[in-house]
Amino acid sequence: MHPKPLSSLFLDSGGGWLNSKEGAFILFKRPSFSLFNLEGSTTVILPEGRFNTSRSPISLLEGYLDEGYIAVGYLGYEFSRFTEEGLTVSPQKEGYRFPDTYFLFYKQADVISGEIKDLKHLIATPSHKRVGLNSRDAGPGGFYSNMTDDKYVEMVLSVKEYIARGDVYQVNLSQRFTVLLNSSPISYLLDLYNVQPVPFGGYIDFGDFQLISGSMELFMRKIGRKVVTKPIKGTRKRAFTTEEDALLRAELLSSDKERAENLMIVDLMRNDLGRICQYGTVKVNGLFQVESYSTVHQLVSEVEGLLNDRIKTSDIISATFPRAR
């Protein structure tokens, strides 16, 4: 890891980063400094150099926020070693060795916001080539996974055994796909957003790697003493005809399976918020609401609560991340 000119860009189709009704963006210039945690070791990178520290990245994050900096970054699932007492995380055995968490810190003067239509005047995308967002527009090698079909089936069968034993309610089973793109990361984000505008589109350049997000889901928002989460469980594709699209939307809304999974996450999030919110203030504002996007319908619910006195950012992260653990 080494410092380079870095930048971040957030895109909001409505109700996202800026909680706006129309398309908007937030553009971050060069950060003042950064911090990351890699397999339990925390490093802070300053203009004058870097240093390692034994302090928790949550503690450092909170301190810098209290100083007035704006933090932009991510928390990986392995970051739960700092939020779940007694949890140990095994060293990564394969794949890309990314930090468990990485944050860039900006001064208020280094942040610009505005409407999406004005964005092209503020950023440059050298060698921009439109991305088709499908396999035929990928570079040499196409798409490939980090596991075979047989290995994935083996993992699915293991998960079924865990559920049958009552060890887990639900598992986020995933695989990694790799593709070489004929495009810059920022160009890819803009094309992705053009195909599927989302409330939480994002691009963060950490120098050695870039992170791109195209999410519809709000994990947590804090406004004053109120916190809001909007879990999504349940998806249907959009159809080419109005009639078929309406049928798919109705099917999603009436599906017992989708409603049961959505309700399970809602109950778990109510429990998480109950750890940090005033008694009696945690409530469900909207249950089983369908939100429609360019390519999918999503089944969304909303839970909110009022924070107890003296609850800090670190307390919110510790109580809710990972979600519904």
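Coordinate-derived values only; no laboratory data. Note that the structure is a prediction, hence the values are computed from the model and not measured. Cβ sites come from the backbone with ideal geometry, for glycine too, and all protein chains shown count toward neighbours.
Data overview
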item	result
Qualifying lysines (Cα of each under 20 Å from Cα of K257; at least 8 residues distant if same chain)	K160, K230, K233, K237
Cross-link partners of K120 among lysines (Cα-Cα below 27 Å; sequence separation of 8 or more within a chain)	K4, K21, K29, K107, K129
Segment 210-296: Rg to Rh, with Rh as the Kirkwood radius over Cα pairs	1.04
Packing-based exposure ordering (other Cβ within 10 Å, fewest first) of E258, E251, E48	E48, E251, E258
Linear extension gain, N194 paired with E48, 0.36 nm per residue minus alpha-carbon span	48.6 nm
Order of D205, D12, D110 under a 10 Å beta carbon neighbour criterion, fewest first	D110, D205, D12
Size of electric dipole in the chain: Cβ of Lys, Arg +1 and of Asp, Glu -1, about Cα centre, debye, nearest 20	380 debye
For the chain, alpha-carbon Rg over 2.2 N^0.38 Å	1.05
Which of E161, E217, E154 has the fewest Cβ neighbours within 10 Å, and the rest in rising order	E161, E154, E217
Karplus 3J(HN,Hα) series, Hz, for segment 187-202 with 6.51 cos²θ - 1.76 cosθ + 1.60 (x for Gly, Pro)	5, 4, 4, 5, 5, 4, 5, 5, 6, 9, x, 9, x, 10, x, x
